[in-house]
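Q: Below: one structure in structure tokens.
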Amino acid sequence: MYEMIRLIALFFVFLGLLISLFFYFYFYRKYSAELSKSFHFLSDRQCLDVNDYLFYEQLGLPGFAHRVLLMKKILSGKATTTKGKIILSPEVSQLIASTYNFSWIKTFYKMTIFVAFLMLLLLLMVATGK
């Protein structure tokens, strides 16, 4: 009985991870260009150093989550730090918010939290398995 419940739970965890992967790819295809434009916009106005995002932009799909989370920090209005130095002021978030529509970032962030929860659940199930 326990093994059957465990197998069903593992199935749903893997199904959730697979569905999340499809949504992740959807977000990447739809919003990567807009995100790149916004970082170049900030770089052109010397609000952001190119080295803060260029590596993750060149990674493509694997670096997309980091760029989204960096933009989430920028949009929060708090001064963002990189390597111990302040790189953005709160006024930058107003500039970005007035120029680009990043309402999807909240949904992407929630999906990232959901994936982290599924991974922890999977780790717990593997650690307690026989």
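Q: Find the accessible area per residue for the chain; the probe is 1.4 Å, ligands and nucleic acids are left out, and the unit is Å².
A: 67
Q: I'd like the orientation of helix 2-44 relative to the chain: the angle between its Cα long axis and the longest Cα principal axis, in ° from 0 to 90, rounded to 10.
A: 10
Q: With only Lys, Arg, Asp and Glu charged, each at its Cβ (+1 for the first two, -1 for the last two), find how big the charge dipole of the chain is about the Cα centre; round to the nearest 20 debye.
A: Using Cβ point charges on Lys, Arg, Asp and Glu, the chain gives about 200 debye.
Q: Can I ask one more? For segment 57-74, list residues with backbone N below 12 Å from a point placed 7 Å from the Cα of residue 97 toward its Cβ?
A: 74, by backbone N distance to the label point.
Q: Under 24 Å between alpha carbons: how many lysine pairs meet that in the chain, if sequence neighbours fewer than 8 apart on the same chain are excluded?
A: Pairs that pass both the separation and distance tests number 21.
Q: Using a Förster distance of 25 Å, how high is the FRET efficiency between residue 15 and residue 109, based on the Cβ-Cβ distance and rounded to 0.05?
A: Given R0 = 25 Å and the Cβ-Cβ separation, E is 0.70.
Q: Can you give the angle from 0 to 90° between the axis of helix 104-128 and the longest principal axis of the chain, with both taken from C-alpha atoms, to the nearest 10?
A: Between the helix axis and the principal axis of the chain, the angle is about 30 degrees.
The values are calculated or read from the model by the stated rules, or taken from the named source; none is laboratory data. Worth saying up front: this structure is predicted, and the values here are computed from it rather than measured. We place every Cβ from the backbone using ideal geometry, glycine too, and count neighbours over all the protein chains shown. Each accessible area value is taken on the protein alone, full model and side chains, heavy atoms only, with ligands, DNA and RNA left out. Shrake-Rupley method; radii C 1.70, N 1.55, O 1.52, S 1.80 Å.
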